1. May I ask you to say which residue of C:V285, C:V267 is in contact with an Asp or Glu (Cβ under 6 Å, 6 or more places away or on another chain) and among the β-branched types (V, I, T)?
2. Restricting the first residue to the stretch C:51-69 and requiring it to be more than 8 Å from every other protein chain (Cβ to nearest Cβ) and touching a residue at least 60 places away in the same chain (Cβ under 8 Å), which pairs with a second residue that is among the acidic types (D, E) and crowded, with 21+ Cβ neighbours inside 10 Å meet a Cβ separation below 9 Å and a spacing of at least six or different chains?
3. Can you tell me how many residues within the stretch C:757-785 are farther than 16 Å from C:N400 by Cα and without any contact (Cβ under 8 Å) to a residue 24 or more places away in the chain?
4. What about C:I731, is it under 26 Å from C:E508 (Cα atoms) and either surrounded by fewer than 22 Cβ atoms within 10 Å (Cβ to Cβ) or within 14 Å of chain B (Cβ to nearest Cβ) (or both)?
5. Mind checking which residues of the stretch C:498-508 are assigned to a loop (DSSP other than H, G, I, E, B) and within 15 Å of C:P528 (Cα to Cα)?
6. Among (1) out of contact with any strand residue (DSSP E or B) (no Cβ under 6 Å at 6 or more places or on another chain); (2) in a loop (DSSP other than H, G, I, E, B); (3) touching a residue at least 60 places away in the same chain (Cβ under 8 Å), there is one condition B:A111 misses while meeting the rest; what is its number?
7. It is to be established whether one or more residues within the stretch C:134-142 are among the aromatic types (F, W, Y) and closer than 30 Å to C:G101 by Cα.
Amino acid sequence: MAQLETTWRLQCTVNGGPVDCEVPQDQTLLDFLRIGIGLTGSKGSCLEGECGSCTVIVDGQAVNSCLVLCPQMQGRRITTIEGLACGEKLHVLQETFLDAGAAQCGYCTPGLIMAAKALLDETPNPTEQEFFEGMEGNICRCTGYASICEAIRAAARQWQ
Amino acid sequence: MFFQPKTIDEALAVRAKMGADATPLGGGTDIVVALNRVGSGAKNYLDLTHVVGYPDVQRENGEWVLSAGATFTRLGKLPVRALAEASMTVGGAAIRNCGTIAGNLGTASPAGDGCVALMAMDARIALRHATRGERIIPIAEYFTGFRKTALLADELITQVRFDADWRTAWYKVGKRGSINISLVCCAVGLSPRGDVRIAFGCVAPIVMRARKAEAIVEKHGLSPVAIDEAAEVAMTEVAPIDDHRASAAYRRAMCGVLTRRLLNQLQKETGGRASAPAA
Amino acid sequence: MRNSECGIRNAQHRAARAATAPVRTEPLSEPSHTPYKESPRGPVGRSERRVDGREKVLGTCLYGADLFYQRADYFAQVVRSEMPHARLLGVESEAALRVPGVVAVYTAHDMPGTNRQGLIHRDHPVLAEGLVRYRGDAVAIVVGQSQAAARNGCNAVQVAYEALPVVATMDDALDESAPKLHRDGNVMGGKRIRKGDADRALEEADVVVSETFQTQTVDHAFLDLEAGIAQWDGGVLTIQVSGQWAHEERRLTALALGLPIEQVQIVTPATGGAFGGREDLSLQVYLGMAALKHPGKTIAMQYSREESMRARHKRHAIRIHYTLGAKNDGTITAAKITVYSDEGAYASTGPAVLRKAASHATGPLRVPNVYVDVYGVFTNNNPTGAMRGFGACQMAIAYNSMMDRLAERLGMDPVELWRRNLICDGDEVTTGQRIGIVTATACMDAALAKYRDDRRVDPPLAAHQRRGWGLSVICFGLGYGDGFPDASRATVRFKSDGRMEVATGGVEYGQGLLNMTAQIAAEKCGVPLSRVDVVWADTRRTQESGSSSATRQTYFTGNAVRIAADELREEVLDVAGKLLCVHPHELDIRDARIVGRFDPALSATLDDVLAEGRRRGHRLEGFGIFKPRTVCEDFATGQSPRSFITYLFGAHLAQVVVDVETGEVRIERYVACHDVGKAINPQSVAGQMVGGATQGIGMALMEEVVNEDGVMKNPNFTDYILPTFRDVPEIECVILENDDPGGPFGARGIGEPPLIAAVPAVLSAIGSAVGAQPHTTPCNPQRVWELLHPEQAARPAHPATTPAHAGMNR
């Protein structure tokens, strides 16, 4: 249960690989990913759950990694943007994002792709309402969302 | 120190021992926001997310029983309209996957959408202590002041319960289509026993009910005249403030608008009978 | 006009507007033809994938905050003023220096150079000297061995202030008793327009409409928070921070730090949005100073969202007193416009914003008599400066709304009123510049046609809902204008591995700059886009190409790249000619092959030619500089034959549903039409149109920085509301391509006009839906409700700014 004073021995899985290390007990998952294990793909922006730039997938669910403390991830399976591509082969969402021009400045892109993946994994053929429910937590300041919708719908058509 | 109990008894034991020195942690969607702002956290955390049964939701004996960790995503799927709709207006999917009903009740913000929906159904909050056992607080007595509740520092919220036969409606006025901090929100509940509940958020230091307005409808039913009068009276019962989000005048006017709109909606659906059973 | 006439005409007007599918009475105007038309074969005109897209979808591209976790030695953080206006009595750093991990604390005394920043006036101390003028002024820098140490150190720094009266609003600033925020007082004069005789024309007009508009303070809210690193190696200070003008950042940083320019290098990391918000310096000098003090150490710095919002400049909140005079048949004869702009604590790019506002005061309207006065008023709020739209945005809100009001007054269909008053080929704009090719009416007609051709059935409305539609027409002069030096330079070369490299100084922040330059270069030199690399915004490796702002990069840098690529192409064909023993004129480059233009037997690979070229000692590099001149105005009249190098036209159309009980607005349909000259990459152009329109929707409905007594109440995303997926309808884009004879392949640009056109279109639609025209942005639910219940919210009076013409209404 309780461990050393202010650190925690975190044991979990990130992108299929095991993690076992001491973390400060109040470190957020986002900081751990970026600083602790150098996965800088997930981004911090609003740091209060209003923008979704930090979205990762935990046990199949989209989660704002800036609002989760590392110890809470004990035993969990975490997927980040870095875990999507297979070597040189991009994930279908990454391909459709490129086709649709859905990454302009690109800062929201990792969080958006992860939110879209969580949505399509659960609901491969979302209605408009389900689409909004799955994606409304992700803000994009550049694209106005149209190209993103196009990309996600194109990916949905190819989803397995 | 970071406590991660696996059972409710373990959690209660820590809570009884540490009291306010260990911050209970559910989804983190309120607590970690504060941590990010300040830059450092509490000395001790009591993480409830690994407690067996924490997120469960069950229906038993005509009651819905929500465990403390029932997430807004889960609540958004319940066939309880006000609670489901309120839950789906909380943040985006990622927030809803983590945010819990107990967190909403624990933070006790006057804007807490889940709290407003529960208020319209006479929900009962189960507070438990390691040795003193469980006590049930009706939600109308749970909020004691601005961000203050009846929960004692050595207790945990374990369950929220409410009758499954309430017919409810909900509306939230916001500045945009998603992720709204409410300007004003309102939940209305009708029970088969003839009870009427009109609950508001963001128009007082606590989530509140417009009791005089309720009494009018309880007495006279859902007639257009009674609904109009209830709307007017509701506006006199609320105590909104001017702040950078909205003016008191606007919020007050919205209380009237929402009372009228939601009561009319329920009237149409029940054919005017306040005591019609839930769908 | 007599009241009864007004009443009847208003009813007719409302009836005319109420029809949801008005019949089109005029054919679409033909696009104008120009003698110069270069037809592309290669990537120009195609929606190629972003050349930097792969790393963005992989999450591997490195923004400022991604640079430092494995590398930083020290972290810096700024202590900011807690007071909106105060004398700085002293900074005590002893307690901070005792905090574990804190290495140093610096104040203005430690700044080696001028300690001044400011793009136009150097009026803003980097670290406060004796006075703080807004609650974001930097007071000290703490350097620590970790971010936590730096933060704890900041919390321990003790600052002694003597509070001064807060100048919270423009009206406060204009009061006689107001403290002077700057040496020359609180008012900064701007450009004025004196064209014809507006006073007399207003007197003689049949109809006069007057209104006061108030726009809000807007934040850029780009997602990529300010962050970066710097290092001083004893000879060169290298700073890696995102900006919008690497070479100017270099100059300003060198000035502030007292270094020769050649000792400062700015390298721009991947940049997540800017929208004008990176045009002023952010971290560069703080990082540079800390680096100078700790040679050999890599210093890192990062803003939180709150610091980012509190520190950074904002869009000007502008009050516009607008009076229009017209004949009974709708011909506008006069405009008298008085503009007061909240300048905030420092000038920033305010002087240029005021100029652009004045230059666009009547937008695309033909008005023979125009008087405009523009003033900037200093307050203790955030300095206000560049943001997408740059003064022309706020004016477009006003002149578009005035058209709706005038139409209502005259009982005319607004579209007919526009048609009567939009400039045509050869007409003058506000500054007297004659625009040769004007496609304002074409844009309007194309937007209307797109809207009317949509046969979708709108869903029925509930009792508390009203539907309305609104139109906006805008124009925009691109580039700095007004005679300011404006140039872009580019080099295009073949590297030893045969790949082509384009190097320009412009910043890519998502708008598609890299593709624009790469596609033009690839087109000109006949190589596939996959063979092109782009180097950008790195003072070590790129020439200056001006800022990525003012909608200028396509026109200026696109032309510079075109010129450079033409040079390179000539050099390659010269070598090829020698290789194949023919005149270079007989050859062309296509798909990395040399081909004969007339003799199909002629052929060689590009690689062979490049090898031959190197053998012969060729550099295989082209350089281009594009520096067209604009003309400064006559200061007395604001008139100039060429204020801007070229103009852009656009028209938007919005259909909204308003809940008239709550004031909530939902946009149902939306059409955006822009004439871009030539879409180098149509997908990027559409992306800018939809993105810009969405920012405009945000400004129209929900975004607002709320300041009270110099304190920002909402420096976070909970209360600074940005549009989400649910807030944006399908935006139909109509791209018109009427060649600009001076643009690369006829291209003009796209960046700012979509935002400029969006705000007034939404406001016009709201006005149509609720039967009352908005005058204050944003039109959040409360403001719409107040439009419907004017007795609930009295409009504030502003005697300090209200001119005599504001009362004229007949």
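The values are calculated or read from the model by the stated rules, or taken from the named source; none is laboratory data. If you're wondering where the values come from, they're calculated on a predicted model, not measured in any experiment. Please note: Cβ atoms are built from the backbone with ideal geometry, for glycine as well, and neighbour counts cover all protein chains shown.
1. On the way: C:V285 fails: in contact with an Asp or Glu (Cβ under 6 Å, 6 or more places away or on another chain).
The match here is C:V267.
2. Correct list of pairs: C:G64/C:D224; C:G64/C:E226.
3. Total meeting the criteria: 0.
4. no
5. Kept after step one, since they are assigned to a loop (DSSP other than H, G, I, E, B), are these residues of the stretch C:498-508: C:498-499, C:505-508.
Answer for the stretch C:498-508, where residues must be assigned to a loop (DSSP other than H, G, I, E, B) and within 15 Å of C:P528 (Cα to Cα): C:G498, C:R499.
6. Condition (1) is where B:A111 drops out.
7. Checked the stretch C:134-142: at least one residue is among the aromatic types (F, W, Y) and closer than 30 Å to C:G101 by Cα.
For (1) in contact with a Gly (Cβ under 8 Å, 6 or more places away or on another chain); (2) modelled with pLDDT of 95 or more; (3) among the aromatic types (F, W, Y), each residue gets a yes or a no:
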residue	(1), (2), (3)
C:W469	no, yes, yes
C:C475	yes, yes, no
C:V502	no, yes, no
C:N515	no, yes, no
C:A522	yes, yes, no
